[in-house]
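**Student:** Pasting in a structure now, in structure tokens, and then I'll have a few things to ask.
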Amino acid sequence: MTGRETTNRRRKIIQLNGRRSLGHVHWAAFAFILAFALLAAGCGRIASPQGWAGPTLSGDGKTVYATIERGKIAALDANMAPETGAQCDDAKDNDGDGAVNEGCPKAGQKSEEGTQCRNDTNDDQNNGVADDNLVNDGCPATIVRWIFPPDTDEGNKLKLEGIYGAPIRLGDVVYFGAYDGKVYALDAATGDEIWPPFETDDAIVSSVAARNGTLYATSTDGRLYAIDAVTGVPKGRFETQSSIWASPVVVGDVVYVAAMDGKLYAVDADDISKEVTDFSFKTDAGLLMDPTLADKDTLLVGGIDHKLYALDPKTGKQRWSQPFEGGNWFWAKPLVKGDTAYVADLDGNVYAVNLKDGIPRWNKPFQAGDSVRAAPLLASGTLVVVDRSGNAYGLKPEDGSRQWGPTLLGKTVLSDPFLLQPTLATPSPAASEAPAASPAASPSPSASESPAPSPGATGGAGAAEVLIVAQGGDICRLDPADGSPTGAALCAQVPL
């Protein structure tokens, strides 16, 4: 069965059940079960794909791009703190975020809502009479700049189904892949489509990468696609003959692709039909983790065989005497800080691994309450870990001991947490903020404390906070110092 012969898309079953199904199953038996499940899923589809994309911040630190519910993405003001006190009594933008009196309490019997919250007038009325004398009372603190697909006749025809990979912004354009098998390019200011969606032959459950005006997208159809970032025109493809769930990673002039056949492919970024002849690595089980450049000499990969591998990015040869072995699948992207890689598995174990030799740095791993799909995050000196059940923990990175937590989010969490930090000055554009006509490659996340680059943001509270996108579109905000909420509520839905 290929392409669209019997259904408009083939779909893969993507589940996370941690110890309940994986931890104590013999590998050979489980490999057979997995192969059967993937084969059975080849002619089916997931009824309600959710997605687990983490947020992305614009280079000027003013806009957060986040998935807000199944198959929808929104541009949100990065300043999520409300105006308070006397600020609510005037008709001014007191915190410089482009909105007036956001988050101020309701004054009369009615709250202003929708487009009424985007002006500086008192709009709420009862029977033609002003309900109160305040502007924008009861409007939400989170300012939504746009939502895609929009709530229009044309927008309602689009069924993205789910967004699994974090979007990237290059210049004035936001790019992402969706579960409907398409790559989208949106105007960063308006959310309008820049070019018609680029179609692959199966679901996309990964982020796109970019280099020198070219987007690179992987699909569960087993292909890597090169796409012109300005026009959306295809520039080439590479066939792996295996499903791909991991995001491609560009390092210099090489694109690395981790596939479910256990092979890490290295292809020429300028002509992706050509493999790098001197590079070779293959293991006996599927690779799930996004390849991560830990340093110029070390590339980390992992997956279903419970092992973390450190490879020479030029040759694919293993750099450790033996791979680091965890208790279950390695799916979460590792966080690299200095000479240590922090990595979690689907048994809920969190490890600190010496990049030099693959030896554990902690006396024992930290044990979360459920499987961990989200990447660890280092924020204000605290290692933040969030498990599938929405338990958030703050760990001491030097020994893995618990500093705080769990903070109970009450929501399923599969997306990477994100560090939103204040700044006194507007940061210079990041490498991923190159002009749209010639996008540059995104920098390696290993150089940052966050799994995705987190440029400074003008946070109203004046302190760093961790954003977590939970299943269903809730955005949770907590203080990395103690795990306490930084907003009026720990988690809240984005107003549509």
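**Student:** Suppose all protein chains stay in the model; what accessible area per residue would a 1.4 Å probe give for the range 115-240, in Å²?
**Tutor:** I get 38 Å² per residue for the range 115-240.
**Student:** For G303, what charge total do you get from the other residues with a beta carbon under 14 Å from its beta carbon, if Lys and Arg give +1 and Asp and Glu give -1?
**Tutor:** -1
**Student:** Give the residues of the range 168-196 whose amide nitrogen is closer than 14 Å to a point set 7 Å from the Cα of T231 in the direction of its Cβ.
**Tutor:** Under cut-off, by backbone N: 195-196.
**Student:** Then there is this: For M260, M80, give the ranking by accessible area with the largest first, probe 1.4 Å. Walk me through the numbers on the way to the answer.
**Tutor:** Numbers: M260 30, M80 5 Å².
If we order M260, M80 from most to least accessible, we get M260, M80.
**Student:** Mind listing which trypsin sites (Lys or Arg not before Pro) in the range 105-165 are in a DSSP loop and have 13 or fewer other Cβ atoms within 10 Å? Mind showing how you got there, number by number?
**Tutor:** Values: sites: K106, K110, R118, R145, K157, K159; in loops: K106, K110, K159.
Here the sparse-neighbourhood loop sites are K159.
**Student:** Please list 3J(HN,Hα) in residue order for the range 487-494, calculated via the Karplus relation 6.51 cos²θ - 1.76 cosθ + 1.60 where θ = phi - 60°; whole Hz, with x for glycine and proline.
**Tutor:** Once θ is set to phi - 60°, the couplings for the range 487-494 become x, 4, 10, 4, 10, 8, 6, 6 Hz.
**Student:** So which of K182/K314; K364/K411; K157/K411; K337/K364 end up more than 21 Å apart, counting from Cα to Cα? Don't skip to the answer; put the middle values down first.
**Tutor:** Numbers: K182/K314 31 Å; K364/K411 28 Å; K157/K411 29 Å; K337/K364 19 Å.
From the list (K182/K314; K364/K411; K157/K411; K337/K364), the Cα-Cα distance tops 21 Å for K182/K314; K364/K411; K157/K411.
**Student:** Could you tally the net charge around W320, taking each other residue with its Cβ under 10 Å from the Cβ of W320, Lys/Arg +1 and Asp/Glu -1? All intermediate terms of the calculation are to be shown ahead of the outcome.
**Tutor:** Numbers: positive: R319, K356; negative: D357.
So the surrounding residues net to +1.
**Student:** For the range 115-122, just list the computed ³J(HN,Hα) in residue order, Karplus coefficients 6.51, -1.76 and 1.60, θ = phi - 60°, integers in Hz, with x standing in for Gly and Pro.
**Tutor:** 3J(HN,Hα) across the range 115-122, in whole Hz: 5, 4, 7, 10, 10, 10, 10, 8.
**Student:** Ok, one more. Return the long-range amide H neighbours of V384 (sequence gap of 5 or more, or a different chain), with a cut-off of under 5 Å between placed amide H atoms.
**Tutor:** HN-HN under 5 Å from V384: L377, L378, A379, L395.
**Student:** For A269, what is the net charge nearby, where nearby means another residue's Cβ is under 9 Å from its Cβ and Lys, Arg count +1, Asp, Glu -1?
**Tutor:** That works out to -3.
**Student:** Moving on. Which value, in debye to the nearest 20, gives the size of the charge dipole of the range 196-328 about its Cα centre, when Lys and Arg are +1 and Asp and Glu are -1 at the Cβ?
**Tutor:** 240
**Student:** Run the reach check for K263 against aspartates and glutamates, Cα to Cα strictly under 17 Å, same-chain hits fewer than 8 apart removed. What comes back?
**Tutor:** Answer for K263, where 17 Å is the Cα cut-off: D221, E239, E275, D278, D284, D290, D305, D312, listed by chain and number.
**Student:** Grab the Cα-Cα distance for Q241 and D339, subtract it from 0.36 nm times how many residues apart they are, and report the gain in nm with one decimal.
**Tutor:** 31.8 nm
**Student:** Same structure again: I'd like to compare 318-327, 58-67: which one has the highest average count of other Cβ atoms within 10 Å, and what's the full order after that?
**Tutor:** Highest mean packing first, the order is 58-67, 318-327.
The values are calculated or read from the model by the stated rules, or taken from the named source; none is laboratory data. Please read these numbers as outputs of a predicted model, since none were measured by experiment. In this analysis, Cβ positions are derived from the backbone assuming ideal geometry, glycine residues included, and neighbour counts consider all displayed protein chains. For accessibility, only protein heavy atoms count, side chains too; no ligands or nucleic acids. Shrake-Rupley method; radii C 1.70, N 1.55, O 1.52, S 1.80 Å.
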